[in-house]
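The values are calculated or read from the model by the stated rules, or taken from the named source; none is laboratory data. Since we're looking at a predicted model, the values are computed, not measured. We place every Cβ from the backbone using ideal geometry, glycine too, and count neighbours over all the protein chains shown. What goes into the accessible areas is simple: the full protein's heavy atoms, side chains included, and nothing from ligands, DNA or RNA. Shrake-Rupley method; radii C 1.70, N 1.55, O 1.52, S 1.80 Å.
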Amino acid sequence: MTEKTAEVPGELVLQGIGVSPGVAVGEVVVFAAEGIPIPERPITEKDVPVEITRFEEALIKTRHQISEIQRRVSAVLGEEHASIFDAHLLVVDDRYFVEEVIRELHEKHRNIEAVVGSVAERYMEMLGKVEDDYLRERTADVRDVTRRVIENLSGETMDRMGQLERPCIAVARDFSPSDTAGMNRNIVHAFVTDIGSVTSHTAIMARALEVPAVVGLHDISTRVTSGETVLVDGTKGMVIIRPTSERLLAYAKKAEDQKMILCELETLKDKPSETKDGYCMPIAANIELPMEVEGIGRFGARGVGLFRTEFLFLDKDHLPDEEEQTTVYSDVADQCAPDPVVIRTLDLGGDKFASTLKTASELNPFLGQRAIRFCLAHPDFFKVQLRALLRAAAGRSISIMYPMISCVTEVIQANGILEECRKELKKEGAPYAEKLRVGAMIEVPSAALTVDLIAPHVDFFSIGTNDLIQYTLAVDRVNENVAYLYKPTHVSILKLIQQVVQTAHDSRIPVAVCGQMAASPEMVPLLIGLGVDELSISPPSVPMIKDVVRSLRYTECARLAEGALQARTPDDILEECCALLAKRAPEILELIG
Ligand code: PEP
Ligand code: MG
């Protein structure tokens, strides 16, 4: 982050990474890094029995909650996973812990929440120091259980966002997937974080919610205090603390100009997405939440090219079962009909973890048991989703695709499990899709380079550039410290896309691009020139990208791509792309600043 000297005294201008466009002004609410704050107050000896009763009740409630989670996990994932919660139950039942809390309650005369918090802290400190790996790992269990007990004591819930009552700008070190999934955009007008990048889950959700957002500001959560006024410019990635009235006036004027451009773009809604010389580039929508489907027609997208289903799992206190999933997928497809819907199988891991799924902690989660790897390692869990997809696809235009494929074997294995599900449903006499289009996401260089081997097993490819860039350039996509190296125009990326498109087309298989690159106006001419067949992007970006497509000629895009494949640096290529955009669609440059 570069900090500019304020042009006008009194305000502070911070530069981060703009991940969701738009401007918002409002009062800040700063969220603490770890869950809910622990209330603290003195008590008298007379209050002690009341506090003990509250403690006992909270322990009983916590025990029930954990047993319920365990039951659901066991039903969906099997005993082996559910047994991880045994460790949580052991913490609740630990006599030493309970006695220590009661002893300290008498001694320190502070409310029970504060005492539980301090005893747990000591416990965790002790466990953190022991040599034994197993015992050390129990620190996380103690933390989880303590959080739950304190929430039950103070009547708070894990739903931090649900507690907000007045419109605000939410600021935090980062937001968890359940925070973002629980955000109400009428209350949270923008959000701002210390960490993250353009493709982190927080950014993806901000775009889904159409809420301006800036991430990667390093320490903003410690530099502003709740109640201060902040201006968030999600388009430019700027956050202005205590903006002056001149600044606010200038923004209001700019907002008016942009509104006019957006109104113009709205008229493109029903126009075809094709270049001036007739190259068709259909634009589908990326969605994370079923509720987004309602908006996709409004923005002029045709169907859904990527439904990130893991978000269904992230804000829940239970794992959605087969019935629940079948209903969600069917509803989304019904709302889109007759346009098709591509549903991605679970992409858990990386920076997306379900609180109800206790996955092993890994040193490099993006290189670990993520996405298809997790699903193949837990076939019973995977089958719940595949069965739901097969059932929803009966009589509906639904395709599925597997994320993070790194070799053909994974596709063959996943197809094998899909076939098993088909057989089961047939035996049960349940309606299901006999034929289901299956795609592979190309997001790992090893898959991009072996598209010829994967092609016989799939019906389409979709390039996930967010991951393809991170895995090709060895740049963690959520690490703001290396964000400067995250270059979609690196020639290696363009070569991989070209190779995928050519090889897939040799097998008559279409290729879509569903990463953020497809939603960047200056990248669109390149993707057209490289021969991509479809783009899938967040719905609010559709009018802008359609405008770009319609302002171009395929021939000039092909020339641009040809030149780019020979170029030396990512910046040279980007410059050429921007120059073409400035010539053909200057209104878009005005919009994106
Ligand atoms: C991608 O990697 O480009 C992609 C679309 O998937 P996600 O961002 O969900 O990893
Ligand atoms: Mg991906």
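Some observations on this one:
- Note on the stretch 280-295: residues that are open to solvent by less than 40 Å² (accessible area, probe 1.4 Å), of a type in the set (A, V, I, L, M, F, W, C) and in a helix (DSSP H, G or I) total 1.
- Within the stretch 462-471, the presence of a residue that is within 16 Å of ligand 2 (Cβ to nearest atom), assigned to a loop (DSSP other than H, G, I, E, B) and open to solvent by 10 Å² or more (accessible area, probe 1.4 Å) is excluded.
- Selection status of Ile454, assigned by TED's automatic domain parsing to the domain that holds Leu367, within 16 Å of ligand 1 (Cβ to nearest atom), in contact with a helix residue (DSSP H, G or I) (Cβ under 7 Å, 6 or more places away or on another chain) and hydrophobic (A, V, I, L, M, F, W, C): no
- Of all the residues in the stretch 210-232, those that are part of a helix (DSSP H, G or I) and crowded, with 23+ Cβ neighbours inside 10 Å number 1.
- In the stretch 310-345, of all residues being modelled with pLDDT of 95 or more and within 16 Å of ligand 1 (Cβ to nearest atom), the one that is surrounded by the most Cβ atoms within 10 Å (Cβ to Cβ) corresponds to Val341.
- Selection within the stretch 189-206: residues that are under 10 Å from the mean Cα position of the chain (by Cα) and of a type in the set (A, V, I, L, M, F, W, C). The member of this set that is nearest to ligand 1 (Cβ to nearest atom) is Ile204.
- Just one residue in the set Ile509, Ile545, Ile493, Ile573 is of a type in the set (Val, Ile, Thr) and closer than 21 Å to Ala206 by Cα; that residue is Ile545.
- Verdict on Tyr484 being surrounded by fewer than 23 Cβ atoms within 10 Å (Cβ to Cβ), aromatic (Phe, Trp, Tyr) and away from ligand 2 (no atom under 16 Å from the Cβ): yes
- In the stretch 419-444, the residues that are open to solvent by 100 Å² or more (accessible area, probe 1.4 Å) reach residues that are within 16 Å of ligand 1 (Cβ to nearest atom) with C-beta atoms within less than 8 angstrom, at least six apart or across chains, in these pairs: Arg437/Ser399; Arg437/Ile400; Arg437/Phe460.
- Residue count for the stretch 505-519, restricted to those that are more than 18 Å from Ile469 (Cβ to Cβ) and either outside the structural domain of Arg302 (by TED's automatic domain parsing) or within 13 Å of ligand 2 (Cβ to nearest atom) (or both): 0
- Within the stretch 260-277, if we keep just the residues that are over 29 Å from the mean Cα position of the chain (by Cα) and not charged (D, E, K, R), the residue that is nearest to Arg298 (Cα to Cα) turns out to be Thr267.
- Candidates Glu522, Glu443, filtered to the one that is within 15 Å of ligand 1 (Cβ to nearest atom), charged (D, E, K, R) and either at pLDDT below 95 or not assigned by TED's automatic domain parsing to the domain that holds Asp194 (or both): Glu443
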